[in-house]
1. Subtracting the Cα-Cα distance from 0.36 nm times the residue separation, let me have the gained length for SER24 to GLU273 in nm, one decimal.
2. Around PRO225, what is the net charge, scoring Lys/Arg as +1 and Asp/Glu as -1 over all other residues with Cβ under 13 Å from its Cβ?
3. Only four residue types carry charge here, +1 at the Cβ of Lys and Arg and -1 at the Cβ of Asp and Glu. Report the dipole size of region 58-155 about the Cα centre in Debye, rounded to the nearest 20.
4. Stretch GLU238-LYS44 to full length: gain in nm at 0.36 nm per residue minus the Cα-Cα span?
5. With Cβ to Cβ distances under 13 Å as the rule, what net charge do the other residues near ILE183 carry (K, R +1; D, E -1)?
6. With label points built 7 Å along Cα→Cβ from the Cα atoms of ARG156 and GLN231, find their separation and express it in nm.
7. Can you work out the FRET efficiency for the pair ASP199 and VAL175, with r the C-beta to C-beta distance and R0 = 41 Å, to the nearest 0.05?
8. In the set (i) 1.48; (ii) 1.01; (iii) 0.96, which value of Cα Rg over 2.2 N^0.38 Å was calculated from the structure you see?
Amino acid sequence: MADPTFYEVLSAAIAEISETGYTSAERLKYWQDRLAEAANRSLKAPAEMQRMLQEALYSIYRKLVERDGWLKYHPGVDKFGLDRVRANLRTELDRRILASADLIKLHRERAIAQTLQRFSGWATSIPIGGSAAPEKVATKVNIRKALAQLPFEDRRVLIDQGHKLVSSINDVIAVGNGAIAGIWHSHGETQPGYNYRPDHLARARKVYAIRGCWAIEKGLMKVGPAGYTDQITQPGEEVYCRCFYTYLYNLGSLPDDMVTKKGRDILSSVKAEMAQYA
């Protein structure tokens with residue numbers, strides 16, 4: 001005989017307490033335990049959830065790393081540059097899978113706790129002898145609310161962690177290959193109806209310097225009007241953020257006001273030398 005579903009256990013609990021009222025802490029505990037067991041049975045098994053996480057995030061990793069999606073964000077970096085940091089990229093994927101699993105576990109534990117709390121709040125409000133006209137349907141909907149929301153929360157975690165994976169992989173490539181700045185991009189620039197954050201759209205096309213990069217250390221560049229990348233939230237840091245940087249790796253790609261006199265002198269000498277061989 002199959003185990004009862006969560007809905008069946010909840011219906012039985014509400015039927016009993018509606019008739020008898022709150023009679024004892026022991027009887028309440030009995031129903032709490034049965035509801036917790038049924039709630040856990042109603043959720044995907046941890047192994048299946050882990051498989052879904054791995055498939056979803058590895059799909060993003062494969063597209064970005066193995067199918068050259070990274071080139072969009074790192075013009076000027078070749079495949080040797082990617083190979084230089086490839087081990088770190090795989091580590092980042094594994095780290096993101098673990099983080100996602102932890103978040104989903106926390107969300108589920110919280111949803112079950114909220115469900116039991118709502119049930120207990122309702123049950124202890126029913127006087128001994130029961131209630132003449134309990135609103136059973138509305139009660140079930142209210143008690144089940146947190147569990148009913150879980151599939152959406154799970155999808156939200158996967159989507160958001162996917163955005164964070166893209167951002168962190170790009171950061172690893174940028175750091176490992178000596179990026180000196182990043183140009184911020186918002187989907188609000190090009191995607192009609194996109195629910196953008198106003199402050200993120202305001203950053204669009206601005207160039208943010210990477211603090212401590214080699215060009216700053218050598219006195220060839222300076223921070224521009226936008227400031228440093230570490231002075232603002234990073235792409236993907238806030239929930240559902242899909243913004244991204246395209247990274248700059250050489251002085252010639254910078255706006256003029258971010259290049260020092262020393263840097264301009266070097267650029268001029270390089271151009272003069274190239275002109276001799278043109």
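1. My answer for the length gained is 80.6 nm.
2. Working: positive: ARG203, ARG205, LYS206, LYS222; negative: ASP256, ASP257.
That works out to +2.
3. Values: 19 positive and 11 negative charges, 28 e Å.
That gives region 58-155 a dipole magnitude of about 140 debye.
4. 67.1 nm
5. Charge balance in the 13 Å sphere: +3.
6. According to this spin-label approximation, the distance is 3.3 nm.
7. The formula returns an efficiency of 0.95 here.
8. Read-out taken from this structure: (i).
We did not get these values from a lab; they are worked out from the coordinates using the rules stated. From a predicted model like this one, the values you see are computed outputs, not experimental measurements. Neighbour counts run over all protein chains shown; Cβ positions are idealised from the backbone, glycine included.
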